[in-house]
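The values are calculated or read from the model by the stated rules, or taken from the named source; none is laboratory data. None of the values given here were measured: they were computed from a predicted structure. Don't worry about glycine lacking a Cβ; one is built from the backbone with ideal geometry, like all the others, and counts go over all protein chains shown.
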Amino acid sequence: MGLSVQVFADSSLESWIATERKVSLDKILKNISPPGTARGTVVASPSKDNPNYYFHWVRDSSLTMDQIVWLYDHAQGSDRSFYLGLIEDYVSLSVQEQSEPSQEGIGEPRYNGDGSVDTIPWSRPQFDGPALRALTLLHFLKSFGGAYPPAEEVIRKDLSFVLSHWRLPCFDLWEELRGLHFYTQSVQLAALEAGVRYFQTVGDNEFSLTLNQSAIDEAIELEKYWVQGSRYLGASRDLQLPDGSHYKASNLDTAVVLGHLHASRSMNEDHLIATTFAIERTFANFYSLNQALVMPAIGRFTDDVYYGGNPWFMTTAALAEVFYRLAYELKQGAALEVTSLNLEFLTLVSASPLKQGVVITSSDPLHAELVNALVERGDEELSVIKKFAGPQGELSEQFDRNSGVLLSAPDLTWSYASFLSATNYRALALSGSK
Ligand code: NOJ
Ligand code: NOJ
């Protein structure tokens, strides 16, 4: 097991995190079943205009409800019942939405506040949503501990959809490009794998085996995003772009980091570390606001033009979460191998010299040093959010790349959910136990 590491956390950051967690939960609760919507609805933001985010996106709502599941899992008594009520509403709404006739069936990206299918021309289909919803509900069933047939039915339909669609092109999570995407395939694979375990436990071996076959196949597909020589995982393949388009030619996108996080993949993986580091350096030099910061504000990708192309709170929180999760895995005792792909990053993080090929085990003093340094790095990254959050802790979708002012959708539910997620892992990294 890892050494017990004393991490000297910045106390002002510490108290801000506690306050911001309360703000985040409060704002999330306001965006769940707001007045006039069907129970279980999670609006992406209260904003109805410029942009109109008053929809229940399958992706955003699953990621948000995953945080409610986490809270449920860690709560007792009336708090636990309260969170259970929210999850039950979400399950009931999901049952209804899955059965509504629509152009793309379960591949519809979003629903209206009343639970009906959104029919506005939009980037559809999107195939990450069903996988994310299945993952959230599988997390819930694990914590619930008993049978909950409606949730199981939603999961079964979602996973069946994943089985029949994972090879097919769709729009990416940013709703911009049609093709195959690391993010989408990564969360699909995670959902299939979690489904394999769940359906085996409940005795449906046939379904479990079917899921397993696709999981094996999709794992092979996921390897294809690593382009030799590029030193990072590409975001998409087989894009259907207009002839001559150079949009996102670098294929470097924080979506890959999100794809790792939302699939609960190990962070102790040199392809991910190399990709995270490529993103960190790229954005550090990209936004003028980063010149004055220790760690950079992070956006989606450098060709982004949406609202002018800015850092987002959710992608900034994602970088912090990678550092906290890696620290947590090390603290749990994982050894870390220095490879040609993570050497540059680890050299920057560690005060001691490192050599390629060395395996840093938990008995090595360097191991404890790395845990500390990773948490500090995560804290510097969260400090970016602290600096640019609104006066009452408000998090919008984006903040201006030059001035830092809040931009695009206000009170974006996903921004708050991503903050909760990052700080959950911070707490784990500091305590070392689950
Ligand atoms: C709205 C999408 O949600 C956003 O991600 C995208 O960048 C813009 N439309 C432009 O396509
Ligand atoms: C735009 C983002 O690109 C997309 O991922 C998200 O689902 C919507 N906004 C709603 O938050």
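Listing for the model above:
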quantity	calculated
Selection from the range 201-255 of residues that are over 30 Å from Met314 (Cβ atoms), out of contact with any helix residue (DSSP H, G or I) (no Cβ under 8 Å at 6 or more places or on another chain) and among the hydroxyl-bearing types (Ser, Thr, Tyr)	Thr201
Top-ranked residue of the range 32-68 - restricted to ones that are out of contact with any Leu (no Cβ under 8 Å at 6 or more places or on another chain) and β-branched (Val, Ile, Thr), ranked as farthest from ligand 2 (Cβ to nearest atom)	Thr37
Search result, residues across the range 118-142 that are surrounded by fewer than 16 Cβ atoms within 10 Å (Cβ to Cβ) and either in contact (Cβ under 8 Å) with a residue 60 or more places away in the chain or under 25 Å from Gln67 (Cα atoms) (or both)	Lys142
Count of the range 281-334 residues which are surrounded by fewer than 17 Cβ atoms within 10 Å (Cβ to Cβ), within 16 Å of ligand 1 (Cβ to nearest atom) and either β-branched (Val, Ile, Thr) or part of a loop (DSSP other than H, G, I, E, B) (or both)	4
Test: residue in the range 389-402 that is under 22 Å from Glu269 (Cβ atoms) and surrounded by fewer than 18 Cβ atoms within 10 Å (Cβ to Cβ)	no
Qualifying residue in the range 254-275 (condition: assigned to a loop (DSSP other than H, G, I, E, B), closer than 24 Å to Ser123 by Cα, modelled with pLDDT of 95 or more and among the charged types (D, E, K, R))	no
Count of residues meeting criterion [out of contact with any strand residue (DSSP E or B) (no Cβ under 8 Å at 6 or more places or on another chain) and within 16 Å of ligand 1 (Cβ to nearest atom)] in the range 39-61	9
Flag if Thr413 is within 16 Å of ligand 1 (Cβ to nearest atom) and of a type in the set (Val, Ile, Thr)	yes
The range 349-364, residues that are farther than 18 Å from Ala429 by Cβ and in contact (Cβ under 8 Å) with a residue 40 or more places away in the chain	Ser363
